[in-house]
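What follows draws every value from the coordinates through simple rules; no lab data is involved. None of the values given here were measured: they were computed from a predicted structure. Backbone-built Cβ (ideal geometry, glycine too); neighbour counts: all protein chains shown.
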């Protein structure tokens with residue numbers, strides 16, 4: 001049963017008609033007091049669709065109070081807020097208070113039904129065990145597992161120990177259309193997780209479109225994302241299909257969303273909220289049909305506090321959040337990853353790796369995470385002369401400047417440097433090695449230029 005709460009009789013019965021036509025049972029309430037009575041007396045209510053204002057009020061206080069009261073009696077009951085675009089800040093306050101999602105009036109029936117189905121699906125899924133697809137099954141079909149042949153005790157489908165809970169979450173949320181935000185440092189595998197979600201979703205047969213927002217300037221944002229018509233601006237010599245159109249029926253992966261400027265954030269919020277957009281040079285409104293997965297290595301909550309990232313956009317993309325810890329915090333994954341990289345390489349089918357080599361790799365700071373580890377393994381395979389990779393082989397393949405700068409203070413008798421000191425030393429050494437060419441530095445460290453700029457500023461280099 002879905003409870004609709006609104007003081008406008010027309011809206012109540014319009015929503016009732018729409019929902020019942022889609023096989024939902026509906027209860028109606030025209031004020032907060034009546035709504036609380038329904039919630040307390042009808043345990044079959046599985047979702048509340050509520051307005052934010054009552055009795056001609058525009059402050060949203062009654063709606064926020066109702067939301068908090070519902071959460072007292074039914075903490076797990078999902079609530080979707082309805083608000084006008086001009087008062088979307090009320091929805092943000094509601095999200096802080098525990099609302100599941102929000103839609104703006106006037107709403108689109110397709111968008112509304114999709115949000116309702118997502119909320120119901122996620123709220124009904126078991127939190128432990130009994131997932132629609134098990135973590136093991138998901139792992140067996142992951143990018144790593146599909147390329148990893150049976151080896152040792154791990155074999156095909158070996159779950160990275162630190163990511164078992166991530167696989168479990170993916171197996172629950174993949175079948176829905178819920179937006180997902182993947183956070184973590186550069187090189188931790190955010191794109192691979194996004195692909196895993198897409199492959200397990202109902203959109204798996206559709207396209208998976210990757211967009212690096214850090215590489216799109218403000219002036220080109222609309223053209224890149226929504227497309228343009230010939231003659232829309234000076235250099236528009238032919239029609240261009242935007243990324244949202246390319247991703248139709250599938251998933252769009254917005255990487256480095258923390259790099260997006262405020263003006264572009266507003267445009268992105270509008271299309272994510274209403275699922276509509278306009279091609280530059282064309283007044284015809286088009287509808288999107290995509291699932292949105294975002295990723296960032298930035299601290300978005302801090303950016304929200306600093307007013308460099310819109311809070312309403314943060315809540316829109318952050319319905320489901322997955323965090324990938326850096327490789328230095330999950331060193332138990334390194335043997336599995338190294339084994340995968342070795343078997344992925346066509347040059348290393350007969351190459352083994354010694355225990356001391358694994359121990360050496362686990363001792364490295366690896367600021368570039370999985371990407372840096374992959375580059376190091378591939379470089380060592382190319383340079384090694386024997387059929388077995390040792391710690392000496394990996395030491396030799398490390399750049400001399402980086403190796404000497406990072407490890408001189410690591411000795412059995414001296415104090416161990418902090419991770420911050422190791423990271424700063426590695427970046428400084430690479431900058432010196434490449435004579436300040438930051439593109440080469442970023443490539444060697446396995447991080448994006450944007451991440452490198454932030455680390456340079458952080459360490460005062």
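Work out, step by step, the length gained on full extension between residue 202 and residue 105: first 0.36 nm times the residue separation, then minus their alpha carbon distance; give nm to one decimal.
Details: separation 97, 0.36 × 97 = 34.92 nm, distance 2.81 nm.
Residue separation times 0.36 nm, minus the Cα-Cα distance, leaves 32.1 nm.
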Förster radius 60 Å - calculated FRET efficiency between residue 458 and residue 44 (Cβ-Cβ, nearest 0.05): 0.70
Label-point separation in nm, residue 10 to residue 435, each point 7 Å along Cα→Cβ: 7.2 nm
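Rounded, prolate or oblate: which fits the range 290-392, taking a ≥ b ≥ c as square roots of the Cα gyration tensor eigenvalues, rounded meaning a/c under 1.5, else prolate when a/b beats b/c? Before the final figure, lay out each step's value.
Values: a/c = 3.53, a/b = 2.59, b/c = 1.36.
Prolate, since a/c reaches 1.5 and a/b exceeds b/c.
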Hypothetical label at residue 89: residues of the range 310-345 whose amide nitrogen lies under 15 Å (7 Å Cα-Cβ projection): 310-313
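For a test of the definition: using alpha carbon positions, the gyration tensor, and the 1.5 limit on a/c, classify the range 174-323 as rounded, prolate or oblate. Numbers along the way, then the final one.
Details: a/c = 1.81, a/b = 1.29, b/c = 1.41.
Judged from the Cα gyration tensor, the range 174-323 comes out oblate (a/c at least 1.5, b/c at or above a/b).
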Distance (nanometres) between label positions extended 7 Å along Cα→Cβ at residue 278 and residue 121: 3.2 nm
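How do 24, 54 line up, fewest other C-beta atoms within 10 Å first? Write down the numbers at each step before the final one.
On the way: 24 19, 54 22.
Lowest to highest Cβ neighbour count: 24, 54.
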Förster-model FRET efficiency, 25 Å R0, residue 329 and residue 302, C-beta, rounded to 0.05: 0.80
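Output the peptides 271-279, 10-18 sorted from most to least packed, where packing is the average of other Cβ atoms within 10 Å over each peptide's residues. List each step's numbers first, then the result.
Numbers: 271-279: 18.1, 10-18: 15.3.
Peptide ranking by packing, descending: 271-279, 10-18.
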Ranked 55, 239, criterion: other C-beta atoms within 10 Å, fewest first: 55, 239
C-alpha center-to-center spacing [the range 348-375, the range 278-322] in angstrom: 36 Å
Efficiency of FRET between residue 287 and residue 234 - r from beta-carbon atoms, R0 25 angstrom, step 0.05: 0.30
Residue 69 paired with residue 192, simple spin-label distance in nm, labels 7 Å along Cα-to-beta-carbon: 5.1 nm
